[in-house]
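One structure below.
The values are calculated or read from the model by the stated rules, or taken from the named source; none is laboratory data. Remember, it's a predicted structure, so these values are computed and weren't measured experimentally. Cβ: placed from backbone, ideal geometry, glycine included. Neighbour counts: every protein chain shown. Heavy atoms of the whole protein, side chains included, go into the accessibility calculation; ligands, DNA and RNA do not. Shrake-Rupley method; radii C 1.70, N 1.55, O 1.52, S 1.80 Å.
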Amino acid sequence: MSQPYHVFIKGGDSVREVEAALDALRGRGVSRQGAGLYKCMYVTRADQTVLMTESGDTALAAEMRGRPGWTEPGDRPLE
């Protein structure tokens, strides 16, 4: 079974904002890998950015919670 990742969603193409957050963390001594990034992608058909972090308590997750417009869908498993 694969690991469940923590998901953030924001309307529009916000990939550069995620990159800026990673740069801010790097400036505070947190590596890209250490920040907890799993994947970030802009989904064209949905016109939204999907960010997946290793868990909800990573440095990147905390950084994104402080930025406007990002939502965190529920982590309830699909049945």
What whole-number value in Å² describes the accessible area per residue of the chain for a 1.4 Å probe?
-> 67 Å²
Using θ = phi - 60° and Karplus 6.51 cos²θ - 1.76 cosθ + 1.60, couplings along the stretch 26-38 (whole Hz; Gly, Pro as x) | 4, x, 9, x, 9, 5, 4, 5, x, 6, x, 5, 9
Non-local residues with an amide H under 5 Å from the amide H of Tyr38, with H modelled 1.01 Å from N and Pro and chain starts lacking one, are Met52, Thr53, Glu54
Determine the relative contact order of the chain: mean sequence separation of Cα pairs under 8 Å and six or more apart, normalised by residue count, in whole percent.
-> 41 percent
Spelling it out for Gln48: with amide H atoms placed in the peptide plane at 1.01 Å from N, the residues 5 or more places away or on another chain with amide H under 5 Å from its amide H are Gly12, Val43
Table column - 3J(HN,Hα) (Hz), the stretch 43-48, Karplus curve with 6.51, -1.76, 1.60, x for Gly and Pro = 9, 4, 5, 8, 6, 8
How large is ³J(HN,Hα), in whole Hz, for each residue of the stretch 56-69 in order, when computed from phi with the Karplus curve 6.51 cos²θ - 1.76 cosθ + 1.60 and θ = phi - 60°, using x for Gly and Pro?
-> x, 10, 7, 4, 5, 4, 4, 5, 6, 4, x, 10, x, x
Placing one equal point scatterer on each C-alpha of the stretch 1-53 and summing with Debye, one gets log10 I(q)/I(0) at q = 0.26, 0.32 Å⁻¹ equal to -1.00, -1.19
Rounded to the nearest 500, what is the chain's calculated 222 nm mean residue ellipticity when only DSSP H runs of at least 4 contribute -39500 (n - 2.57) each, over all residues?
-> -7500 deg cm²/dmol
Sequence-distant residues sharing a close amide H with Gly69 (under 5 Å, placed H) | none
For the chain, the percent of accessible surface on carbon and sulfur atoms (probe 1.4 angstrom, ligands and nucleic acids excluded) is 51 percent
Label Asp47 and Tyr5 with points 7 Å out from Cα along Cα→Cβ: what is the distance between them in nm?
-> 2.4 nm
